[in-house]
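Student: The structure that follows is given in the form of structure tokens.
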Amino acid sequence: MSAATTELSPVAETPSGPAELPRDDALELKRLLVPDARVATIGAGCIGLEVAAAAAAKGRDVTVLEFQDRVMSRVTSEPVSRFFEQLHEQNGVRFVFGAAVTAVEGTDRAERIVTADGAVYPVDVVLAGIGVVPNQELAETAGLECQDGILVDGDGKTSDPHIYAAGDATRFTSNIDGASQRLECIQNAMAQAGRVAADKFSVVYVRDGRLAAVDTVAGLTDFRPAKKLIAQRARIDPFLAADSGTPLTDAVFAAS
């Protein structure tokens, strides 16, 4: 079961259905990016910007409509937002901030987008990247507490102490500002899964004093640096590497 379903604005509809392409239909999107196609993405998050960049690289006319006042406002700081905004603009992407989409109109396909201020944007292709709705039905059936996401603590434990959850469908309290949040990104899902896993260990292989390979079971803290250390043919202390309490990076003598 997927963790979340693409969220749709209740007013952003085409005559034939939602104002978006199915999430598994990237090939269809590629087919629609014909020469002279006018492309619009609703939302300036990671997905919206990625599609905008790809379409602009093909020479298409691209407009990004974003309700907030900058790109990726949920996930990064203003300086980083402005950097990516300028980078996209340099490559031909046009941004409209403060744009509240009220309708996507057309006869047999999307032909124009209408915003709350009365502006109309002619389009041929529309992609909505405005977040996801958590698939929490199974959790609700199991009697777990949910509030726009499955409520979990810092260890992934739900309201039932015998059930854990991880990924886009979970809601937790930020350890930075105490805010309740859902975080829709693979890094968070992997970090949560690592905390949920009860058994974590790594098997380190050393050949001629150098790190040769690493097998991990939920050992993300070893897996990430291991790839770099193996490529560097790092010399490693096998006794420190065998200590489960010692990070793999601390067992390295030198890389050569």
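Since every read-out is calculated from the coordinates, none of them should be taken as a lab result. Just so we're clear, the structure is a prediction, and the values are computed from it rather than from any experiment. Because the Cβ atoms are built from the backbone with ideal geometry, glycine has one as well, and the counts that use them run over all protein chains shown.
Student: For ASP215 and ASP160 in the same chain, what is the full-extension length gain: residue separation times 0.36 nm, less their Cα-Cα distance, in nm?
Tutor: That works out to 16.6 nm of additional length.
Student: From Cα pairs below 8 angstrom and at least 6 apart in sequence, can you work out the relative contact order of the chain, rounded to a whole percent?
Tutor: It comes to 14 percent, rounded to a whole number.
Student: Looking at the chain as a GNM with Cα springs under 10 Å, which of ARG224, ARG195, ARG70 has the largest mean-square fluctuation?
Tutor: ARG224
Student: Pick from THR102, THR158, THR221 the residue whose mean-square fluctuation is largest in a GNM of the chain, springs joining Cα atoms under 10 Å.
Tutor: Maximum fluctuation in the GNM of the chain, among the listed residues, is at THR221.
Student: Cross-chain or 8 or more residues apart, Cα under 27 Å: how many lysine pairs in the chain fit that? Count them up, please.
Tutor: Taking the chain as the scope, the lysine pair count is 4.
Student: Which percent, to the nearest 5, of DSSP beta bridges fully inside the chain are antiparallel?
Tutor: 60
Student: Could you calculate the contour length gain from GLU78 to ASP108, that is, 0.36 nm times the residue separation minus the distance between their Cα atoms, to one decimal place in nm?
Tutor: Stretched out fully, the GLU78 to ASP108 stretch lengthens by 6.9 nm.
Student: Of LEU29, LEU240, LEU183, which has the largest mean-square fluctuation in a 10 Å C-alpha GNM of the chain?
Tutor: LEU240
Student: With a point put 7 Å past each Cα toward its Cβ, work out how far THR173 is from GLU50 in nm, to one decimal.
Tutor: Inter-label distance under the simple model: 3.3 nm.
Student: Show that you can apply the helix-only estimate: for the chain, add -39,500 (n - 2.57) for every DSSP H stretch of four or more residues, divide by all residues, and state [θ] at 222 nm to the nearest 500.
Tutor: Dividing the helical sum by the residues of the chain leaves -7000 deg cm²/dmol.
Student: With just the Cα atoms of the chain, tell me how far they stretch along each of the three principal axes, in Å, largest first.
Tutor: Extents along the principal axes, in whole Å: 69, 49, 34.
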